[in-house]
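Enquirer: Dumping the structure here so I can ask a few things about it.
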Amino acid sequence: MKVTPLYEKHKALGGKIVTFAGWELPVQYAGVIPEHTATRTAAGLFDVSHMGEIFVTGPEAEAAIMYLTSNNISTLTDGKAQYGAILNEKGGVVDDIIVYRYSKERYLICVNASNADNDFAWFTKHNKHNAKFENKSAEYGQIALQGPNAQKIIEQIPGLRDAAALTYFHFKEVSVAGVTVIAARTGYTGEDGFEFFIPASQTVDIWNLLLEAGASLGLQPCGLGARDSLRLEACYPLHGHELGEEISALESGLGWVIKFDKGDFIGKTALEAEKSAGVKRSLVGFFVTDPGIVRENEKVFSADGKEIGKTTSGTKTPTIGKSLGLAIIDKSHSAVGSKIFCEVRGKKLQCEVVQKPFYKR
Amino acid sequence: MSIPAELKYTKDHEWIKLEGGVATVGVTEFAQSELGEIVFADLPAIGKQVTAGSPFCVLESTKAASDVYAPIAGTVKAVNAALSDDPTKVNTSPYGDGWLAKLEGIDESELTALMTAEQYAKHIGQ
């Protein structure tokens with residue numbers, strides 16, 4: 001079992017440690033609901049050190065990333081970041097990623113925790129451009145600061161305050177007490193905020209600085225439980241739920257980060273064929289209108305009893321205050337307002353397809 | 001953690017109280033603190049027959065659904081309808097207003113096999 005640099009800190013703060021993707025991390029401290037609410041109304045601090053960091057360098061770096069991922073990174077400028085996906089030949093998702101461009105010949109790719117080694121192996125295997133790939137996941141800790149007070153909090157910290165002027169999906173290196181921190185205005189909660197990549201040995205120091213600066217601004221440490229309920233309200237997909245190797249990226253709702261008008265990329269042929277034939281299913285958001293909670297992997301039925309798909313995520317979330325979820329279902333039943341039925345413990349609960357996202361700040 | 005002396009307990013953190021041939025069942029204070037804030041209580045239908053040790057309710061927090069096991073066999077006589085408006089009663093009053101269900105048609109001798117308050121305290125390391 002792996003631990004992040006903040007493991008002892010989490011225990012000292014009363015974090016309830018669970019195992020996630022091979023890592024020991026807190027699922028909560030004070031509770032999922034207060035942590036979720038704090039992030040939406042003030043700020044939340046998340047240990048995301050389990051995420052992976054892969055560097056891509058050299059004259060072939062851009063060409064390699066263009067081939068290996070779905071989005072068009074040639075539109076990036078220095079200091080800009082972009083969300084995308086690593087696709088397999090069938091058009092399924094190996095992982096969803098963010099690519100950060102330092103320069104035309106240097107990129108950082110942030111990947112999911114459970115997939116870091118897998119993604120690196122995938123890149124290595126398919127590196128026909130011979131770019132240089134380095135898996136530096138072990139060298140970095142990562143902390144996310146999210147919420148309406150995030151900028152005010154970093155403005156209290158010398159060095160870190162240099163990141164306050166960053167606009168959305170931009171990043172820069174800042175120096176905090178002599179430590180080089182990569183600060184990015186990105187996040188997975190639907191709030192304003194930052195994600196910081198920090199040398200592993202300095203992660204605790206930066207965590208402490210943030211916690212202290214945020215104390216008077218309502219900052220609370222948050223665990224994986226709140227991270228999940230926050231991203232669900234914002235309708236951000238999660239690999240292993242909305243995204244997977246066996247699910248078409250188009251059915252997962254990633255069409256907006258698949259650029260068919262760029263050159264060849266892994267998955268292009270399969271997805272072009274799927275588009276021509278007509279994408280059969282789509283990702284919908286739903287409210288549960290009968291009493292009950294619908295989570296992932298439940299069967300979805302139409303009103304006339306036909307099985308039309310499966311749920312991918314769900315719970316009752318704190319800000320929206322309703323039982324809701326995401327599902328990939330037949331397109332014919334995906335229009336907003338459609339009545340669908342999700343089966344929970346043998347009982348069919350009536351649900352209604354609603355507009356995504358559930359939450360917008 | 002509060003562990004009322006007059007109740008009996010199970011290893012899975014349910015409590016049971018016998019009054020006039022009817023057994024009231026809930027979860028302990030320890031259980032509610034482990035579960036976190038309850039957002040939904042899925043209670044059984046009136047008349048459902050339960051066997052000892054079988055899951056018969058589900059308590060849902062934001063993060064997860066947790067089974068509640070029937071401490072003894074019986075038939076569901078009543079469920080706590082107040083929980084549909086306010087499931088957090090399970091958290092704030094686990095031995096009082098947060099009760100889950102009442103069982104009838106029970107065999108009172110089955111309670112003797114359950115833990116006393118003292119045994120349950122040891123069980124949760126108190």
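The values are calculated or read from the model by the stated rules, or taken from the named source; none is laboratory data. Small disclaimer: the values here were computed from a predicted structure and weren't measured. Glycine gets a Cβ as well: all are built from the backbone with ideal geometry, and neighbour counts include every protein chain shown.
Enquirer: If a residue must be of a type outside the set (V, I, T), surrounded by fewer than 23 Cβ atoms within 10 Å (Cβ to Cβ) and either more than 11 Å from chain B (Cβ to nearest Cβ) or farther than 12 Å from A:P221 by Cβ (or both), how many such residues does segment A:16-28 contain? Reasoning before the result, please.
Expert: So in segment A:16-28, the residues of a type outside the set (V, I, T) come out as A:16, A:20-26, A:28.
Okay, now just the ones that are also surrounded by fewer than 23 Cβ atoms within 10 Å (Cβ to Cβ), so A:16, A:20-24.
Subsequent filtering for residues that are either more than 11 Å from chain B (Cβ to nearest Cβ) or farther than 12 Å from A:P221 by Cβ (or both) retains A:20-24.
Looking only at that region, the number is 5.
Enquirer: Okay, next question. So A:A116 fits all but one of (1) assigned to a helix (DSSP H, G or I); (2) among the aliphatic types (A, V, I, L, M); (3) at pLDDT 95 or above; what number is the exception?
Expert: Tallying (1) assigned to a helix (DSSP H, G or I); (2) among the aliphatic types (A, V, I, L, M); (3) at pLDDT 95 or above, A:A116 fails exactly one: (3).
Enquirer: Which ones in segment B:28-43 are among the small types (G, A, S), within 12 Å of another protein chain (Cβ to nearest Cβ) and in a helix (DSSP H, G or I)? I'd like the intermediate steps shown before the answer.
Expert: If we filter segment B:28-43 for residues that are among the small types (G, A, S), which is where we start, we get B:31, B:33, B:36, B:41.
Going one step further and asking which of them are within 12 Å of another protein chain (Cβ to nearest Cβ), we end up with B:33, B:36, B:41.
Passing the criteria: only B:S33.
Enquirer: Within the group A:V294, A:V284, A:V300, which residue is crowded, with 23+ Cβ neighbours inside 10 Å, at pLDDT 95 or above and within 14 Å of chain B (Cβ to nearest Cβ)? Step through it out loud before you land on a result.
Expert: Values: A:V284 fails: within 14 Å of chain B (Cβ to nearest Cβ); A:V300 fails: within 14 Å of chain B (Cβ to nearest Cβ).
Answer to the selection: A:V294.
Enquirer: Another question, then. Select from segment A:303-334 the residues that are within 14 Å of another protein chain (Cβ to nearest Cβ), in contact with a helix residue (DSSP H, G or I) (Cβ under 7 Å, 6 or more places away or on another chain) and part of a strand (DSSP E or B) and list them in ascending order. So that I can check it myself, show each step before the final result.
Expert: Initially, segment A:303-334 is screened for residues within 14 Å of another protein chain (Cβ to nearest Cβ), giving A:311, A:313-325.
With the extra rule that they be in contact with a helix residue (DSSP H, G or I) (Cβ under 7 Å, 6 or more places away or on another chain), the set shrinks to A:313, A:315, A:317-320.
Hits for segment A:303-334 are A:S313, A:T315.
Enquirer: Determine which member of the set B:A121, B:A23, B:A52, B:A78 is part of a strand (DSSP E or B), surrounded by fewer than 18 Cβ atoms within 10 Å (Cβ to Cβ) and away from chain A (no Cβ under 14 Å). It would help to see each step written out before you state the result.
Expert: Numbers: B:A121 fails: part of a strand (DSSP E or B); B:A23 fails: surrounded by fewer than 18 Cβ atoms within 10 Å (Cβ to Cβ); B:A52 fails: part of a strand (DSSP E or B).
Every option except B:A78 fails the conditions.
Enquirer: To continue, here is another question. Could you tell me whether any residue of segment A:153-167 is surrounded by 19 or more Cβ atoms within 10 Å (Cβ to Cβ), touching a residue at least 60 places away in the same chain (Cβ under 8 Å) and not polar (S, T, N, Q)?
Expert: Going through segment A:153-167, the residues surrounded by 19 or more Cβ atoms within 10 Å (Cβ to Cβ) turn out to be A:153-154, A:157, A:160, A:163, A:166.
Checking the rest, the ones that are also touching a residue at least 60 places away in the same chain (Cβ under 8 Å) come to A:153.
Keeping just the survivors that are not polar (S, T, N, Q) gives A:153.
Yes, because at least one residue in segment A:153-167 is surrounded by 19 or more Cβ atoms within 10 Å (Cβ to Cβ), touching a residue at least 60 places away in the same chain (Cβ under 8 Å) and not polar (S, T, N, Q).
Enquirer: Please find, within segment B:42-89, the residue that is farthest from A:L324 (Cα to Cα) out of those that are among the polar types (S, T, N, Q) and touching a helix residue (DSSP H, G or I) at 6+ places or on another chain (Cβ under 8 Å). Explain how you work it out, then say what you get.
Expert: First, the residues of segment B:42-89 that are among the polar types (S, T, N, Q): B:49, B:51, B:54, B:61-62, B:66, B:75, B:80, B:84, B:88.
Keeping just the survivors that are touching a helix residue (DSSP H, G or I) at 6+ places or on another chain (Cβ under 8 Å) gives B:61-62, B:66, B:80.
Numbers: B:S61: 14, B:T62: 11, B:S66: 18, B:N80: 24 Å.
Per the criteria, the residue is B:N80.
Enquirer: Quick one: which of A:F197, A:F260, A:F265 is aromatic (F, W, Y), in contact with a strand residue (DSSP E or B) (Cβ under 8 Å, 6 or more places away or on another chain), at pLDDT 95 or above and part of a loop (DSSP other than H, G, I, E, B)? Spell out the reasoning first.
Expert: Values: A:F197 fails: part of a loop (DSSP other than H, G, I, E, B); A:F260 fails: in contact with a strand residue (DSSP E or B) (Cβ under 8 Å, 6 or more places away or on another chain).
It is A:F265.
Enquirer: Further question on the same structure: Among the listed residues A:Y100, A:Y67, which satisfies the condition of being aromatic (F, W, Y), away from chain B (no Cβ under 14 Å) and touching a strand residue (DSSP E or B) at 6+ places or on another chain (Cβ under 6 Å)?
Expert: Values: A:Y67 fails: touching a strand residue (DSSP E or B) at 6+ places or on another chain (Cβ under 6 Å).
Just a single option satisfies the conditions, and that option is A:Y100.
Enquirer: Another question, then. Yes or no: segment A:51-61 includes at least one residue that is under 24 Å from A:N149 (Cβ atoms) and within 14 Å of another protein chain (Cβ to nearest Cβ).
Expert: Here is the first cut: in segment A:51-61, the ones under 24 Å from A:N149 (Cβ atoms) are A:51.
Still in the running and within 14 Å of another protein chain (Cβ to nearest Cβ): none.
No, that holds for no residue.
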